[in-house]
Amino acid sequence: MMSNLEKLAYMADQIARNFATLGEAAGAKATADHIAKYWDPRMKQQGLAMLDGEGPPLTPAAAAALRQLRDAKAA
Amino acid sequence: MAFDRELDLGTKPTLAATMVSLTIDGEAVEVPAGTSLMRAAALLGTSVPKLCATDSLDAFGSCRLCLVEIEGRGGYPASCTTPVAAGMVVRTQTEKLKSLRRGVMELYISDHPLDCLTCPANGDCELQDMAGAVGLREVRYGYEGANHLVAQKDVSNPYFDFDPTKCIVCSRCVRACDETQGTLALTVDGRGFASRIAASQDEGFFNSECVSCGACVQACPTSALQEKKVVEIGTPERAIVTTCAYCGVGCTFRAELRGEELVRMVPWKEGKANRGHSCVKGRFAWGYAQHQERVVEPMLRASVDEPWRVVSWDEAISHTAAEFRRIQGKYGVRSVGGITSSRCTNEETFLVQKLVRQGFGNNNVDTCARVCHSPTGYGLKTTFGTSAGTQDFDSVEAADVMVVIGANPTDGHPVFASRMKRRLRAGARLIVIDPRRIDLVRTPHIQAEHHLALRPGTNVAVLTAMAHVIVTEGLVDHAFVRERCEADTFEDWARFVAEPARSPEATEPLTQVPAETVRAAARLYATGGNAAFYYGLGVTEHSQGSSTVMAIANLAMATGNIGREGVGVNPLRGQNNVQGSCDMGSFPHELSGYRHISETATRELFEAAWGVTLDPEPGLRIPNMLDAATDGVFKALFIQGEDILQSDPNTHHVAAGLAAMECVVVQDLFLNETANYAHVFLPGSTFLEKDGTFTNAERRIQRVRKVMEPKNGYGDWEIVQLVANALGLGWSYHHPSEIMDEIARLTPTFAKVSFEALDRLGSMQWPATDKAPEGTPVMHIDGFVRGKGHFVVTDYVPTDEKTGPRYPLLLTTGRILSQYNVGAQTRRTANEIWHEEDRLEIHPQDAEDRGVADGDWVSLRSRAGETTLRALVTDRVAPGVVYTTFHHPDTQANVITTDYSDWATNCPEYKVTAVQVAPSNGPSDWQKRYAEQARRSRRIAAAAE
């Protein structure tokens, strides 16, 4: 079974896969919006930390979405 | 409400618009064309004597008691089968009629035991009433001739007896089973004097096909079919109308009592959800309220290894508040949360989420809908703009085609299933999409035109293949799409589904549904007239649950099957108040009325009312709470009326999460499985013991009325208020109606809802607004709530739960008619005799491959865990698929299910688990250990001297 962090990385990727038909850019945005809308602050924080190598590796689609989320937060 | 029998007008109403005038006993009356003379007379206040007629059944004309005279016509026609005609002059009481009726009654009574004083139906017997009404004073035939007075009573059913000596063979029971329930389990066996009622092939009620819905008992005019409770207690003397606390159909019942003792629950004829019908659970399985295992005093313990200690309410409440404050002080504001219950009222649910948001200061609130219909909320909000089904139940009467997908209505929603069956018998056509051959696929006088027995987990592929057929064969309702839907999203969707990769032929290897069957089903759905989707958890409890809901919505929009009677998207909700608990802001990302917590204006509305600042960030969902608990950052949980240890997936993980918390509060009727990990037990009240409202699957808000005092001392809303006030929130609700008033003030879709309005109207379907002050039966008539309908491309993304050499079979789970959810209620009733244990359905081929025979113990193993149960070998499931229920904690089917969940909502993927099945010698070591742990955990310390 997956660890909690692996589960979170998996969830991000699973969301991204379901938005994949939108194309790369729009898919990443939709995934980031979804995470913003439904994940609690700690989960978001953990997701963003994975971008910095804390935790399991992210799939490219999940990483792209989390980068969008990080950029949106920074804006 | 004082006791009075419900008015029986003898025959059903007609829907004709044309009115007909006639004269009955010298009085003029105007009624719709097609009305029977009996009903017309009853509307004037004249009760024509009758025995075989009742207004819930088609007229039959067999008892010959309701004869009347009509000027200008010969003979004495039966008033129940004779329709009114313009200018007709009718007499219901003449010397000749009196003589004829007495003669008929004499014949009936000559073969009837004269034991009225000791008969359970004494005072509540239509035969007795009719003897009085016709002035029966003698029976010229005597009582010595051939009779049925020595016939044996059938007491095999746990809830009612059949006493053939009291049967007058009026056929009301047979017709109720046929017309109302649709099971056709009863018949009149034999002819003439030998005629008698038989269940199935004269097998006795228990062994027959009877489903114990109670329709026959309700229809019986004598004591031939009688509730055992009436036999035991006597006839009721008062009645209160309330709403059932089982499934999402939301049947209303008359709770009939003698003093404070509940004698029986009788379906209320005026109930708009059930229209006077019931099932075995609502009608009979309410005894759990008085069950000996019910806990009625609060209890505490410092550790789950200790026995419980009974304490005062004051101590329990102040301890709870102190613990939550201590934990938040130590671990942070977001370290605690709450779970609202779909079994509790709207008012109670609203208070629990308010307790979390106002009192705990975070949004860590979730509800049981997380594990059932959360994808419905997401999917329908995205496509239509609101998180609810589109129709009322009456809409089924206008359906020409029904698509039942991932639902088993005859078991899960039996009263609505009876209405579906009635419509299907009348000619509507049926498509079933389900891996199992559910009963609706083939049942008396009903056969699904297409059964798409798909491989579990491929709903999206099948529905998209249907969309492919509709788009590529030119079956789209372009006028509807042009007028009502977004052009760009439609174009994107149509282009996507039209690709060859989405065709039934291309997807057949994945779905295992023959392409031609998919094509035929799609054509029927698109061209068969009014077509309606009905779906259940077989849609939502998948890794693509939300996508499946949206795929259904896409099909409804593309074919114009939305926004009028007979069509729509109809989620069949599992629990009594799943809809309501979602409406009330139980999800961690939204406030009541499905408004996201990040919306500043909405937050400000609540902040002004509650005097706090609300957290604009979403909180934790149930599975996220458990993950956070095992991470050591989530430390306390207030759980009202939900047993997450038994109902939620991956039991080992749930247990680990609960065990990691410092304070688990369980508010429930019984020491459920979750309470094994609890530190505080707050005894809950049953639906019979409090006021409030439930909202059913058709958005119908109905009153729950208190029929007896709560055995635990408080309604659940009062307990939450005690906790809130111990946290210093200063709540002062005196009655649940005041909570509903607050809900209405804060929730636009509930603006016109109040207890006064509900009492006046009987029920209301939200939205109830200035535009529709009495509610909205059918939604999206002139436009979607979101404006234009939004198509969503639903690509099939296969689940990551894969079969392979170690786990070659797919497990799917569900429920059975006699049990309900985790069984906490139904296992504590006589319903247990129909389903004493969860069994594993396995196809004969798979069973043979493993050397498993019917009834053998088998181990069921997945990547998450292992349990054992007994096998039921049946071809109801396809090869490669196994199925079980989750009603019994001894089995703990959720030990097997995994952490995989819906991508959008985290609704668990209960319906797809890769498993292996092997012969076993009996319960696993884990089951034995768990049974011992549960036994130890339920110890209650003896009271101090």
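Derivation of every value follows stated rules applied to the coordinates shown; laboratory data play no part. Since we're looking at a predicted model, the values are computed, not measured. Cβ sites come from the backbone with ideal geometry, for glycine too, and all protein chains shown count toward neighbours.
Just a few scattered comments:
- Between segment B:82-132 and segment B:474-528, the Cα center-to-center distance that results, in Å: 60 Å
- Extension gain for B:Glu837 to B:Leu475 (0.36 nm times residue separation, less C-alpha to C-alpha distance): 125.6 nm.
- For segment B:273-421: Kirkwood Rh in Å [reciprocal of mean 1/r, alpha carbons]: 19.8 Å
- Cβ-Cβ FRET estimate between B:Ala28 and B:Leu7, R0 fixed at 25 Å, reported to 0.05: 0.70
- Seen from A:Leu66, the other residues with C-beta closer than 11 Å to its C-beta sum to a net charge of +1, counting Lys and Arg as +1 and Asp and Glu as -1.
- q = 0.14, 0.20, 0.22 Å⁻¹: log10 I(q)/I(0) that the Debye formula gives for segment B:5-45, counting C-alpha atoms only: -0.29, -0.57, -0.67
- Exceedance of the 30 Å cut-off in Cα-Cα distance is limited, within the set A:Lys44/B:Lys635; A:Lys37/B:Lys421; B:Lys381/B:Lys752; A:Lys37/B:Lys330; A:Lys7/A:Lys73, to A:Lys37/B:Lys421.
- Here the Debye sum runs over all C-alpha atoms of chain A as equal scatterers in vacuum, and log10 of I(q)/I(0) at q = 0.13, 0.19, 0.26 Å⁻¹ comes out as -0.31, -0.67, -1.25.
- Taking other C-beta atoms within 10 Å as the exposure proxy, B:Arg827, B:Arg700 rank B:Arg827, B:Arg700 from fewest upward.
- Relative contact order for segment B:479-586: 26 percent, from Cα pairs under 8 Å spaced at least 6 residues apart, divided by residue count.
- Translational diffusion coefficient (Stokes-Einstein; Kirkwood radius from C-alpha pairs) of segment B:385-525 at 10 °C, 1.306 mPa s, in µm²/s: 98 µm²/s
- Shielding by partners, peptide B:77-84 (average Cβ within 10 angstrom, other chains): 0
- The relative contact order of segment B:718-842 comes to 10 percent, based on Cα pairs under 8 Å that sit 6 or more residues apart.
- Gained length - B:Asp394 relative to B:Glu491, 0.36 nm times residue gap less alpha-carbon distance: 31.6 nm
- For segment B:125-215, the residue among B:Gly214, B:Gln181, B:Gln128 whose Cα projects farthest onto the positive side of the dipole built from Cβ charges is B:Gln128.
- Relative contact order %, segment B:343-447, counting alpha carbon pairs below 8 Å whose residues are six or more apart: 18 percent
- Seen from all directions on average, segment B:316-400 presents a Cα convex hull projection of 8.1 nm².
- Spin-label model, A:Thr59/A:Met2: points 7 Å from Cα along the beta carbon direction are separated by 1.0 nm.
- For the pair segment B:275-334 and segment B:804-828, the centres of their Cα atoms are 25 angstrom apart.
- Note that segment A:53-69 has calculated 3J(HN,Hα) couplings of x, 8, x, x, x, 9, 5, x, 5, 5, 5, 4, 5, 5, 5, 4, 5 Hz, one per residue in order, obtained from phi through the Karplus relation 6.51 cos²θ - 1.76 cosθ + 1.60 (θ = phi - 60°); glycine and proline are x.
- Cα-centred dipole magnitude for the protein assembly as shown, charges only on beta-carbon of K, R (+1) and D, E (-1), debye, nearest 20: 600 debye
- For segment B:164-239, the spread of Cα positions along each principal axis, largest first, Å: 39, 26, 21
- In plain terms, if you count all Cα to Cα distances in segment B:1-125 and split them into 10 Å steps from zero, the share in each step is 13, 40, 32, 13, 3 percent.
- Exercise: per-residue mean of other protein chain Cβ atoms within 10 Å, B:620-628: 4
- With the alpha-carbon atoms of segment B:595-689 aligned to their principal axes, the span from lowest to highest coordinate is 41, 39, 22 Å, starting with the largest.
- Oblate is the label for segment B:468-527, because a/c, from the alpha-carbon gyration tensor with a ≥ b ≥ c as root eigenvalues, is 1.5 or above and a/b does not exceed b/c.
- Judged by the mean number of other Cβ atoms found within 10 Å, the most tightly packed of the peptides B:392-404, B:273-285 leads the ranking B:273-285, B:392-404.
- Along its first, second and third principal axes, ordered by size, segment B:167-307 spans 71, 33, 30 Å in Cα coordinates.
- Difference of contour (0.36 nm per residue) and Cα-Cα distance, B:Ser195 to B:Arg326: 39.8 nm
- Taken over segment B:227-303, the convex hull of the Cα atoms encloses 130 Å³ per residue.
- Peptide A:5-11 - average C-beta neighbours from other chains (10 Å radius): 3
- Cross-link pairs beyond the 18 Å C-alpha cut-off, checked among B:Lys802/B:Lys928; B:Lys228/B:Lys690; B:Lys50/B:Lys96: B:Lys802/B:Lys928; B:Lys228/B:Lys690
- 3J(HN,Hα) along segment B:691-701, derived from phi through the Karplus expression 6.51 cos²θ - 1.76 cosθ + 1.60 where θ = phi - 60°, amounts to 9, x, 9, 10, 10, 8, 5, 9, 6, 8, 8 Hz, with x in place of Gly and Pro.
- Using only alpha carbons, segment B:359-436 has a radius of gyration to Kirkwood radius ratio (Rg to Rh) of 1.09.
- Compactness of the protein assembly as shown is given as radius of gyration and Dmax, 29.6, 100 Å, from Cα positions.
- Arranged from fewest to most other beta-carbon atoms within 10 Å of their beta carbon, B:His596, B:His835 become B:His596, B:His835.
- Pairwise Cα distances in segment B:711-784 exceed 14 Å for 68 percent of all pairs.
- Here the mean projected area of the convex hull built on the C-alpha positions of chain B is 40.7 nm².
- Cβ-to-Cβ counts within 10 Å put B:Tyr677, B:Tyr141, B:Tyr820 in ascending order as B:Tyr141, B:Tyr677, B:Tyr820, the fewest first.
- For the pair segment B:407-466 / segment B:717-788, the C-alpha centres are spaced 34 Å from each other.
- DSSP beta bridges confined to chain B are antiparallel in about 60 percent of cases.
- Kirkwood-Stokes translational diffusion coefficient of segment B:628-739, alpha-carbon pairs, 20 °C, 1.002 mPa s, µm²/s: 137 µm²/s
- Summing +1 for each Lys or Arg and -1 for each Asp or Glu among the other residues whose beta-carbon sits under 12 angstrom from that of B:Cys210 gives -3.
- Radius of gyration over Kirkwood radius for segment B:145-185, both on Cα atoms: the Rg/Rh ratio is 1.04.
- Space enclosed by the convex hull of the alpha-carbon atoms of segment B:1-74, per residue, Å³: 124 Å³
- Remark on segment B:524-603: hydrodynamic radius 14.5 angstrom, per the Kirkwood mean of 1/r across alpha carbon pairs.
- Its Cα gyration tensor gives segment B:93-240 an equivalent ellipsoid; the semi-axes, largest first and in whole Å, are 26, 18, 15.
- 3J(HN,Hα) couplings calculated from phi for segment B:464-478 with the Karplus curve 6.51 cos²θ - 1.76 cosθ + 1.60 (θ = phi - 60°) are, in sequence order, 5, 5, 5, 4, 4, 5, 5, 6, 6, 9, x, 9, 6, 8, 5 Hz; Gly and Pro show x.
- Amide H partners (placed H, <5 Å) of B:Arg870, local residues excluded: B:Leu840, B:Val858
- If R0 is 22 Å, the Cβ-Cβ spacing of B:Ala501 and A:Glu24 corresponds to a FRET efficiency of close to 0.65.
- Across all C-alpha atoms in segment B:81-164, the radius of gyration and Dmax reach 16.9, 52 Å.
- Built amide H within the under 5 Å cut-off of B:Lys635, gap 5+: B:Val336
- With a Förster radius of 41 Å applied to the beta-carbon distance between B:Ala608 and B:Gln933, the computed FRET efficiency rounds to 0.30.
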